[in-house]
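Visitor: Let me begin by handing over the structure; questions about it come next.
Since every read-out is calculated from the coordinates, none of them should be taken as a lab result. On a predicted model such as this, the values are computed, not experimentally measured, just so you know. Cβ sites come from the backbone with ideal geometry, for glycine too, and all protein chains shown count toward neighbours.
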Amino acid sequence: MVHKRIPSEPKPQQRHSTLTARDGRRDRGGRPDAEARAVSAEAARIEAEQSRRLAENTREVRDQHREAAEAVRQGQEQLRAVAETVRAAGEEARLAAESARHAAVDSVRATAESLKTTLEHMTVVEEMRRTLREIRDSNKLDSN
């Protein structure tokens, strides 16, 4: 009978070397080798690039928000200026309406004075006619 030899458990360092041979990522001292460092560096570079892009996008969005806020502020300032112009125009219109009202009241007073004077003149003319009729009537009586 031939005995097959059962391999003994490898020593810890041998076990580590065996693992290294299979995956190729660690050297005998347990440190990352050049390829693992390159992969790690590439992953870090990709992550840094993603962070840079994210920061750039964030800056662009912030700038857009800042521009939008400035546009809103300028729009509000324009509305404020328009409102002030409208207020001033309203005040001028109110003053013009007040002046027109005073002019209308003065015109009504002048018309009333004119009518009063006209009535007085008509009264005088009517008295003169009456007097003239009386004189005529008395002359007619005298001539008869």
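Visitor: Once you have the Cα-Cα distance between residue 109 and residue 88, take 0.36 nm times their residue separation minus that, and quote the gain in nm to one decimal.
Guide: Result for the pair: 4.4 nm of gain on full extension.
Visitor: Could you tell me the extents of region 96-141's C-alpha atoms along the three principal axes, largest first, rounded to whole Å?
Guide: Taking the Cα atoms of region 96-141, the three principal extents are 66, 7, 5 Å.
Visitor: Looking at the P(r) of region 32-144, how many percent of alpha-carbon pairs lie beyond 18 Å?
Guide: 81
Visitor: What full-extension length gain, to one decimal in nm, is calculated for residue 54 and residue 40 as 0.36 nm per residue of separation minus the Cα-Cα distance?
Guide: 3.0 nm
Visitor: Using 19 Å as the cut-off for backbone N distance, which residues of region 32-72 belong to the label zone defined by a point 7 Å from the Cα of residue 81 along Cα→Cβ?
Guide: Only 68-72 pass the distance filter.
Visitor: Enumerate the calculated ³J(HN,Hα) couplings along region 79-94 in order (Karplus 6.51 cos²θ - 1.76 cosθ + 1.60, θ = phi - 60°), each rounded to whole Hz, writing x wherever the residue is Gly or Pro.
Guide: 4, 4, 5, 5, 4, 5, 5, 5, 4, 5, 5, x, 5, 5, 5, 4
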